[in-house]
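Asker: Structure below; questions to follow.
The values are calculated or read from the model by the stated rules, or taken from the named source; none is laboratory data. Just so we're clear, the structure is a prediction, and the values are computed from it rather than from any experiment. Neighbour counts run over all protein chains shown; Cβ positions are idealised from the backbone, glycine included. Accessible surface areas use protein heavy atoms only, side chains included; no ligands, DNA or RNA. Shrake-Rupley method; radii C 1.70, N 1.55, O 1.52, S 1.80 Å.
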Amino acid sequence: MSVKKNIDEILNNLPEQVKLVAVSKTKPNELILEAYNNGYKVFGENKVQEISRKYEELPKDIEWHMIGHLQSNKVKYIAPFVSLIHAVDSFKLLKTINNEALKNNRTINFLFQMHIAKEESKFGFSFEEIEKIIQSSEFKELKNVNLIGFMGMATNTDNGKTIKDEFKYINDCLKTTKQKYFKDKDDFKELSIGMSGDYKIAIEQGSTIIRLGSIIFGERNHVK
Ligand SMILES: *Cc1c(COP(=O)(O)O)cnc(C)c1O
């Protein structure tokens, strides 16, 4: 298995508006460096401790994406360096990110996570909840966070139609939001949808960021 070959193959077939985040969770630094040494520098992790450790140990020009569920009390560890937080799923979390960004004298880009799957267990907002937040004055007061789009995970199923419908729905929500609230905000346009099993459908449905793990690095150890 070659990480370089896997990444090259994906990049070769990627439309230019789509960004690849290589999801390196549970994978050792050597595999990340294999991609890095071949010019690839955008990685995603889902655990605060792991992303912080890898940030410390690996080259500083890596762009680190926090893709997993994030607890408010851990934001401080990633606030100095994180490039994009994909899964903002509560207003409390967003306020904390804003505070920690302010302490670090920076603005942190983020996505609202939308619940689009049928499974109960997944995190995320409904579209109604997102609209309520966007319209609130408390939201408008947060000057050190910058909303650039939405993130979602489709139902874990072999049914392509279900996945397609869920991705289409989140894209429709993004377009509606753009039209209603952010017409003149050029950087509000990102749709983080698509994992190893469904990224082709995601791209057809307007993905601008795909998050690929196993297809690049091989299957993960599922011991937790
Ligand atoms: C692990 C993970 C991925 C990557 O999953 P693969 O199926 O291995 O591509 C994408 N997004 C999130 C939020 C993840 O936790």
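Asker: Do the conditions hold for Lys224, that is, is it modelled with pLDDT under 95 and not aromatic (Phe, Trp, Tyr)?
Answerer: yes
Asker: On to the next question. Please give the number of the condition Lys175 fails out of (1) open to solvent by 80 Å² or more (accessible area, probe 1.4 Å); (2) over 23 Å from Lys41 (Cα atoms); (3) not in a helix (DSSP H, G or I).
Answerer: (3)
Asker: OK, next. So, of the residues in region 178-215 that are touching a Ser or Thr at 6+ places or on another chain (Cβ under 8 Å) and assigned to a helix (DSSP H, G or I), which turns out to be surrounded by the fewest Cβ atoms within 10 Å (Cβ to Cβ)?
Answerer: Ser214
Asker: Which of the residues belonging to region 148-162 are more than 9 Å from Gln113 (Cα to Cα) and within 13 Å of the ligand (Cβ to nearest atom)?
Answerer: Correct list: Ala154, Asn156.
Asker: Let me ask something additional. Among the residues of region 184-221, write down those that are modelled with pLDDT of 95 or more, within 13 Å of the ligand (Cβ to nearest atom) and on the phi > 0 side of the Ramachandran plot.
Answerer: Gly194
Asker: Going by the structure shown, is Leu111 closer than 27 Å to Ser196 by Cβ, assigned to a strand (DSSP E or B) and either modelled with pLDDT of 95 or more or small (Gly, Ala, Ser) (or both)?
Answerer: Yes.
Asker: Output the number of residues of region 58-74 satisfying the condition of being in a loop (DSSP other than H, G, I, E, B) and in contact with a strand residue (DSSP E or B) (Cβ under 8 Å, 6 or more places away or on another chain).
Answerer: 5
Asker: Moving on. Tally the residues that are of a type in the set (Asp, Glu), open to solvent by less than 70 Å² (accessible area, probe 1.4 Å) and away from the ligand (no atom under 14 Å from the Cβ), restricting the search to region 47-76.
Answerer: Total satisfying the criteria: 1.
Asker: Right, next: Quick one: which of Tyr77, Tyr55 is more than 17 Å from Val145 (Cα to Cα) and either assigned to a helix (DSSP H, G or I) or among the β-branched types (Val, Ile, Thr) (or both)?
Answerer: Every option except Tyr55 fails the conditions.
Asker: Go through region 203-224 and give me each residue that's in contact with a Leu (Cβ under 8 Å, 6 or more places away or on another chain) and closer than 18 Å to Ala87 by Cβ.
Answerer: Passing the criteria: Ser207, Thr208, Ile209, Ile210, Leu212.
Asker: Only one of (1) in contact with a strand residue (DSSP E or B) (Cβ under 9 Å, 6 or more places away or on another chain); (2) open to solvent by less than 50 Å² (accessible area, probe 1.4 Å); (3) not in a loop (DSSP other than H, G, I, E, B) is not met by Tyr169, so which one is it?
Answerer: Result: Tyr169 passes all but (2).
Asker: So if I check each of Lys92, Lys118, Lys161, Lys143, which one is over 16 Å from Ser72 (Cα atoms), outside any strand (DSSP E or B) and free of Cβ contacts under 8 Å to residues at least 40 places away in the same chain?
Answerer: Exactly one of Lys92, Lys118, Lys161, Lys143 is over 16 Å from Ser72 (Cα atoms), outside any strand (DSSP E or B) and free of Cβ contacts under 8 Å to residues at least 40 places away in the same chain, namely Lys161.
Asker: Out of Ala79, Ala154, Ala87, Ala117, I need the residue that is surrounded by 16 or more Cβ atoms within 10 Å (Cβ to Cβ), under 17 Å from the mean Cα position of the chain (by Cα) and modelled with pLDDT under 95. Which one?
Answerer: None of the others qualify; the one that does is Ala117.
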